[in-house]
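*Asks:* To start, I am sharing the structure in question, which I have written as structure tokens.
The values are calculated or read from the model by the stated rules, or taken from the named source; none is laboratory data. Please read all numbers here as calculations on a predicted model, not as lab measurements. Every residue, glycine as well, gets a Cβ built from its backbone with ideal geometry; the counts of neighbours run over all protein chains shown. Ligands, DNA and RNA are excluded from the accessible area calculation, which covers all protein heavy atoms including side chains. Shrake-Rupley method; radii C 1.70, N 1.55, O 1.52, S 1.80 Å.
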Amino acid sequence: MTTQAERRATTTFDSDYVSTINGRPATSVTTAPAFNPATGEVIAQVPVMSKDQLDEAVAAARAAFPGWAATPIEERKRIVSAIGDRLEEHAEEFMALLTREQGKPRAGAEWEVFGSVAWFREIAKQSLPDETLLDSAERSAVTRYTPVGVVGAIVPWNFPILLAVWKIAPALVAGCTIVVKPSPFTPLCDLKLVELVQDLVPPGVLSAVAGDDDLGKWMTSHPDINKIAFTGSTDTGRHVMSSAAGTLKRLTLELGGNDPAIVLPDVDPTKVAPQLFWAAFQNNAQFCNAAKRLYIHEDVYDAVRDALVDYAKTIKVGNGADADTGLGPIQNEPQFKKVREFFADSHAQGHTFALGGEVDTEGAGWFVPVTLVDNPPEDSRLVVEEPFGPILPLLKWTDEDDVIARANDTIYGLGASVWGKDLDALQRIARKIDAGTVWLNEVHQYTPYQVFGGHKQSGIGTENSLHGLAEYTNWQSITLNKDPEAV
Ligand code: NAD
């Protein structure tokens, strides 16, 4: 049998993608192709694990749990930080692979890979020590945070590394063991990461199983998984929640969003336009927190729209592997079809396109042009739903209360941003927005110390910060009557 050290020495980032179960590489009878979305080419075959193999991974995680939970937290933190170091050592290979499998250009790959390194290191500084509530001569009362047990992590395809790390790091620090299921569309980086760090953790503590959506269903109903940490769409989140109900699993659900960006009348259109552009189109708009509705005050509407069009024309859409590419392709074919439905609907409704509007389906790769739709009706599909692709509605507003009501008129409540020089107005509006994060004159600022989660149907629970870490624990109260005569 191949040892971990031998595999580390011989594994490449070009082929040879395996699941990891109980510290060992695991292959499967069935495989599925992984594609480069910029070319449509098959770049690898990925194992599709069976139900039995998932059971094996969960059993190994269960067996490893007592030992890992009993490992001193300082040692667990050291290991989590060392996993970050290992990722950093291979940063170049991971960035190239991320571009190849996900499509994002170099800048986005750097942000994701080095962000993940930072997350491992910073989450490794967090802990939840016992809290002494009372310690008198007569009684004591302590709140403890005990690890929930075996975690199943289910990851989407837009930020495949980072959103896995947001689960792996706190789970391991908290003393949980974890089985990671990457998205079937972007399994390669996650499989490599888990494989490459096996010598740092005891067998079974950190496993990865690749497979299709069935694997997700088996995980959410699995009797021996205690918690599901899920990032994905709101629709799938509903399935996860109902499937997890059978075993009353702990759940963190990070789901879809339809973030409004509100632009006040006092902005400088040319200064704000590039920032609004990236608020909406970062990661080719395949971003839960992308600005998906741009509410621009009527006084500056035309100027901001025109500045956005001018700026958008300077950004090249293309293969992320090319140095001058600003935006890559849509990550997968089903999503490419879904995004095109929004284009078709806007055409059918007679919307005006300020930029773009036509998708070329003939070329290689799943490319969509940056598209700005000029003031479509508020009830259009593009405004109400989450396109998750580079087509953005620009909407006009006049009255502050009205724009706040429109911003909040959605099932989602993930994020929002407000842009303007009047800082009092920014704060006043922010406090009336029903969303997990509101950015003022900036966007997409995250830290391992800042809560991140959705209101309404954008999710349940939170990731990051001590609140996120606490979601990998159960609370336990231990009280003591110190009077020896009491018993
Ligand atoms: P998705 O819901 O289709 O898939 C997410 C994961 O769930 C994948 O690993 C998939 O295999 C798995 N899955 C599918 N069906 C399942 C089932 N029935 N049971 C269990 N698991 C199942 O989402 P996606 O298309 O990969 O990602 C895009 C969505 O994710 C968007 O809606 C986006 O807004 C959201 N998202 C949210 C956040 C956040 O933090 N709130 C971050 C990124 C993406």
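*Asks:* Any residue at all in the stretch 117-124 that is closer than 30 Å to GLY318 by Cβ and surrounded by 24 or more Cβ atoms within 10 Å (Cβ to Cβ)? Outline the logic, then answer.
*Replies:* Step one: filter the stretch 117-124 for residues closer than 30 Å to GLY318 by Cβ, giving 117-119.
Checking which are surrounded by 24 or more Cβ atoms within 10 Å (Cβ to Cβ) leaves us with 119.
Taking every residue of the stretch 117-124 in turn, at least one turns out to be closer than 30 Å to GLY318 by Cβ and surrounded by 24 or more Cβ atoms within 10 Å (Cβ to Cβ).
*Asks:* Does LEU253 count as assigned to a strand (DSSP E or B) and within 16 Å of the ligand (Cβ to nearest atom)?
*Replies:* yes
*Asks:* Could you tell me whether PHE342 is outside any loop (DSSP other than H, G, I, E, B), touching a helix residue (DSSP H, G or I) at 6+ places or on another chain (Cβ under 8 Å) and under 28 Å from ALA34 (Cα atoms)?
*Replies:* yes
*Asks:* I'd like to know if the stretch 36-45 contains one or more residues that are closer than 22 Å to ILE21 by Cα, open to solvent by 50 Å² or more (accessible area, probe 1.4 Å), outside any helix (DSSP H, G or I) and assigned by TED's automatic domain parsing to the domain that holds ASN464.
*Replies:* Keep residues of the stretch 36-45 that are closer than 22 Å to ILE21 by Cα, which gives 44-45.
Then drop every residue that is not open to solvent by 50 Å² or more (accessible area, probe 1.4 Å), which leaves 45.
Going one step further and asking which of them are outside any helix (DSSP H, G or I), we end up with 45.
With assigned by TED's automatic domain parsing to the domain that holds ASN464 added as a condition, the list becomes 45.
Yes; the residues of the stretch 36-45 include at least one that is closer than 22 Å to ILE21 by Cα, open to solvent by 50 Å² or more (accessible area, probe 1.4 Å), outside any helix (DSSP H, G or I) and assigned by TED's automatic domain parsing to the domain that holds ASN464.
*Asks:* Turning to a different aspect of this structure: State which residue is nearest to ILE154 (Cα to Cα) when the search covers only the stretch 256-281 and only residues that are among the aliphatic types (A, V, I, L, M) and part of a loop (DSSP other than H, G, I, E, B).
*Replies:* Top of the filtered list is LEU264.
*Asks:* Are any of the residues in the stretch 187-201 within 18 Å of the chain's Cα centre (by Cα), in contact (Cβ under 8 Å) with a residue 12 or more places away in the chain and surrounded by fewer than 21 Cβ atoms within 10 Å (Cβ to Cβ)?
*Replies:* No, the stretch 187-201 contains no residue that is within 18 Å of the chain's Cα centre (by Cα), in contact (Cβ under 8 Å) with a residue 12 or more places away in the chain and surrounded by fewer than 21 Cβ atoms within 10 Å (Cβ to Cβ).
*Asks:* Confirm whether ILE411 is of a type in the set (Val, Ile, Thr), in the same structural domain as LEU327 (by TED's automatic domain parsing) and surrounded by fewer than 22 Cβ atoms within 10 Å (Cβ to Cβ).
*Replies:* Details: of a type in the set (Val, Ile, Thr): yes; in the same structural domain as LEU327 (by TED's automatic domain parsing): yes; surrounded by fewer than 22 Cβ atoms within 10 Å (Cβ to Cβ): yes.
For ILE411, the condition - of a type in the set (Val, Ile, Thr), in the same structural domain as LEU327 (by TED's automatic domain parsing) and surrounded by fewer than 22 Cβ atoms within 10 Å (Cβ to Cβ) - is met.
*Asks:* Within the stretch 121-128, does at least one residue satisfy the condition of being in contact with a strand residue (DSSP E or B) (Cβ under 6 Å, 6 or more places away or on another chain) and not in a helix (DSSP H, G or I)?
*Replies:* yes
*Asks:* Under the condition of being within 16 Å of the ligand (Cβ to nearest atom) and part of a loop (DSSP other than H, G, I, E, B), which residue from the stretch 282-299 is most open to solvent (accessible area, probe 1.4 Å)?
*Replies:* The selected residue is CYS288.
*Asks:* If you don't mind, another one. From the list GLY152, GLY204, which residue is part of a loop (DSSP other than H, G, I, E, B), under 22 Å from TRP68 (Cα atoms), in the same structural domain as GLY108 (by TED's automatic domain parsing) and open to solvent by less than 20 Å² (accessible area, probe 1.4 Å)? It would help to see each step written out before you state the result.
*Replies:* Details: GLY152 fails: part of a loop (DSSP other than H, G, I, E, B).
Just one listed residue meets the conditions, GLY204.
*Asks:* Does the stretch 210-247 hold any residues that are near the ligand (Cβ under 7 Å from one of its atoms) and either under 21 Å from ALA64 (Cα atoms) or touching an Asp or Glu at 6+ places or on another chain (Cβ under 6 Å) (or both), and which are they?
*Replies:* Scanning the stretch 210-247 gives MET219, THR220, THR231.
*Asks:* Which residue out of ALA96, ALA91, ALA82 is under 13 Å from ALA321 (Cα atoms) and small (Gly, Ala, Ser)?
*Replies:* Sole residue among the options that is under 13 Å from ALA321 (Cα atoms) and small (Gly, Ala, Ser): ALA96.
*Asks:* Since VAL267 meets every condition but one in (1) outside the structural domain of ALA32 (by TED's automatic domain parsing); (2) out of contact with any strand residue (DSSP E or B) (no Cβ under 6 Å at 6 or more places or on another chain), which condition does it not meet?
*Replies:* It fails just one condition, (2).
*Asks:* Further question: Quick one: would you say TRP111 is without any contact (Cβ under 8 Å) to a residue 40 or more places away in the chain, farther than 30 Å from ILE478 by Cα and not in a strand (DSSP E or B)?
*Replies:* So TRP111 passes the test.
*Asks:* Considering only the stretch 13-28, how many residues are open to solvent by less than 50 Å² (accessible area, probe 1.4 Å) and part of a strand (DSSP E or B)?
*Replies:* Residues flagged as open to solvent by less than 50 Å² (accessible area, probe 1.4 Å) and part of a strand (DSSP E or B) within the stretch 13-28 amount to 4.
*Asks:* Out of ALA174, ALA153, report the one residue that is away from the ligand (no atom under 15 Å from the Cβ) and hydrophobic (A, V, I, L, M, F, W, C).
*Replies:* Answer to the check: ALA174.
*Asks:* Taking ALA321 as the residue in question, decide whether it is touching a strand residue (DSSP E or B) at 6+ places or on another chain (Cβ under 6 Å), open to solvent by 10 Å² or more (accessible area, probe 1.4 Å) and not in a helix (DSSP H, G or I).
*Replies:* Judged against the criteria, ALA321 is not a match.
*Asks:* With respect to the numbered conditions (1) open to solvent by less than 20 Å² (accessible area, probe 1.4 Å); (2) in a loop (DSSP other than H, G, I, E, B), which one is the sole condition not fulfilled by LEU248?
*Replies:* Here LEU248 meets the rest and fails (1).
*Asks:* Under 8 Å between Cβ atoms, at least 6 apart or on separate chains: pull out the pairs that start in the stretch 444-464 with a residue that is open to solvent by 50 Å² or more (accessible area, probe 1.4 Å) and of a type in the set (A, V, I, L, M, F, W, C) and end on any residue that is assigned to a loop (DSSP other than H, G, I, E, B) and modelled with pLDDT of 95 or more.
*Replies:* The qualifying pairs are VAL451/GLY436; VAL451/THR462; VAL451/ASN464; ILE460/GLY453; ILE460/GLY454.
*Asks:* Would you pick out the residues in the stretch 47-66 that are open to solvent by less than 40 Å² (accessible area, probe 1.4 Å) and either touching a helix residue (DSSP H, G or I) at 6+ places or on another chain (Cβ under 7 Å) or free of Cβ contacts under 8 Å to residues at least 24 places away in the same chain (or both)?
*Replies:* Correct list: MET49, LEU54.
*Asks:* Just need a number here: residues in the stretch 466-478 that are within 20 Å of ALA118 (Cβ to Cβ), in contact (Cβ under 8 Å) with a residue 60 or more places away in the chain and surrounded by fewer than 19 Cβ atoms within 10 Å (Cβ to Cβ).
*Replies:* 1
*Asks:* Give the residue, chosen from PRO147, PRO182, that is modelled with pLDDT of 95 or more, within 14 Å of the ligand (Cβ to nearest atom) and over 30 Å from PRO484 (Cα atoms).
*Replies:* Just a single option satisfies the conditions, and that option is PRO182.
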